[in-house]
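Only one structure is covered here, and it is reproduced in the block below.
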Amino acid sequence: MRLAKTSAELVEREIRIDAPPTVVFEFLTDPAKMVRWMGIQAVLEPWPGGQYAVNVSGRERVSGKVLEIIPERRLVVSWGWEDESLPLPPGQSTVEITLQPDGEGTRLRLTHNGLPPDMRAFHRRGWDYALPRLAAVAAGRDPGPDPLRSTVRGIEMVARSLPPRYLYRFARRRLRPSRWRRRQQ
């Protein structure tokens with residue numbers, strides 16, 4: 001993965017994937033394929049104005065709307081966290097993904113715009129974790145266990161990039177029993 005420039009509002013990443021754009025695009029727009037590399041549940045409506053929501057870990061959820069979609073070439077979604085413990089509400093930032101054929105594979109470019117300065121490192125680490133998983137699964141390989149599904153490993157990962165003022169709220173939410181578990185008890 002090639003690291004591109006990072007500014008106070010922007011994170012850019014580029015990665016080559018050993019799969020054609022048609023395959024990579026499916027992993028960005030098909031909920032069953034999305035959760036093979038990111039999240040445990042997804043609602044992806046692949047049309048302008050459609051819902052974009054990913055339950056990243058069972059507790060943290062991102063959501064927004066599809067802003068632009070060009071099959072096999074481009075996907076633009078608004079992005080934000082449903083949990084108030086992070087200062088990036090749904091729709092506040094934008095993720096742009098472009099796919100270009102590169103021989104037998106695909107060159108994926110991701111730009112995440114509109115990030116508050118204290119959320120840049122957190123999202124940079126998140127994309128650095130997620131994009132290699134996408135590359136593996138799109139190429140037909142097993143991306144391995146998802147560390148975000150583990151409470152402890154997820155907190156360890158987040159602790160390296162989240163500002164301390166948000167880390168406490170994030171960790172507290174992670175360690176508290178989920179609403180679903182409380183209802184089952």
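The values are calculated or read from the model by the stated rules, or taken from the named source; none is laboratory data. Every value quoted in this text rests on a predicted model; they were computed, and no experiment measured them. Reconstructed Cβ throughout: ideal geometry from the backbone, glycine too, with neighbour counts over all protein chains shown. Quick note on the areas: whole protein, heavy atoms, side chains included, nothing else; ligands and nucleic acids left out. Shrake-Rupley method; radii C 1.70, N 1.55, O 1.52, S 1.80 Å.
Filter region 118-163 for residues that are at pLDDT below 90, in a helix (DSSP H, G or I) and farther than 18 Å from residue 55 by Cα; which is least open to solvent (accessible area, probe 1.4 Å)?
Only one residue tops the list, namely 119.
Could we say that residue 49 is in a loop (DSSP other than H, G, I, E, B) and either over 26 Å from residue 120 (Cα atoms) or open to solvent by 10 Å² or more (accessible area, probe 1.4 Å) (or both) here?
yes
Could you grab me the full set of residues in region 13-39 that are part of a loop (DSSP other than H, G, I, E, B), at negative phi and surrounded by 15 or more Cβ atoms within 10 Å (Cβ to Cβ)?
18, 19, 20, 35, 36, 37, 38 - these are the residues of region 13-39 that are part of a loop (DSSP other than H, G, I, E, B), at negative phi and surrounded by 15 or more Cβ atoms within 10 Å (Cβ to Cβ).
What number of residues within region 85-131 are touching a helix residue (DSSP H, G or I) at 6+ places or on another chain (Cβ under 8 Å) and in contact (Cβ under 8 Å) with a residue 40 or more places away in the chain?
14
Kindly establish whether residue 101 is at pLDDT below 95, outside any helix (DSSP H, G or I) and more than 18 Å from the chain's Cα centre (by Cα).
no
Looking for whichever is more than 16 Å from the chain's Cα centre (by Cα), within 17 Å of residue 125 (Cα to Cα) and either open to solvent by 60 Å² or more (accessible area, probe 1.4 Å) or not polar (S, T, N, Q) (or both) here; the options are 68, 84, 9. Which one fits?
9
Please go through (1) more than 13 Å from the chain's Cα centre (by Cα); (2) on the phi < 0 side of the Ramachandran plot for residue 146 and return the number of the only condition it doesn't satisfy.
With (1) more than 13 Å from the chain's Cα centre (by Cα); (2) on the phi < 0 side of the Ramachandran plot applied to residue 146, the lone miss is (1).
Assess whether residue 43 counts as being on the phi < 0 side of the Ramachandran plot, β-branched (Val, Ile, Thr), open to solvent by less than 50 Å² (accessible area, probe 1.4 Å) and out of contact with any Ser or Thr (no Cβ under 6 Å at 6 or more places or on another chain). Full working, then the answer.
Numbers: on the phi < 0 side of the Ramachandran plot: yes; β-branched (Val, Ile, Thr): yes; open to solvent by less than 50 Å² (accessible area, probe 1.4 Å): no; out of contact with any Ser or Thr (no Cβ under 6 Å at 6 or more places or on another chain): yes.
No, not satisfied.
Out of the residues in region 96-110 meeting the condition of being of a type in the set (S, T, N, Q) and touching a Pro at 6+ places or on another chain (Cβ under 8 Å), tell me which one is surrounded by the most Cβ atoms within 10 Å (Cβ to Cβ).
106
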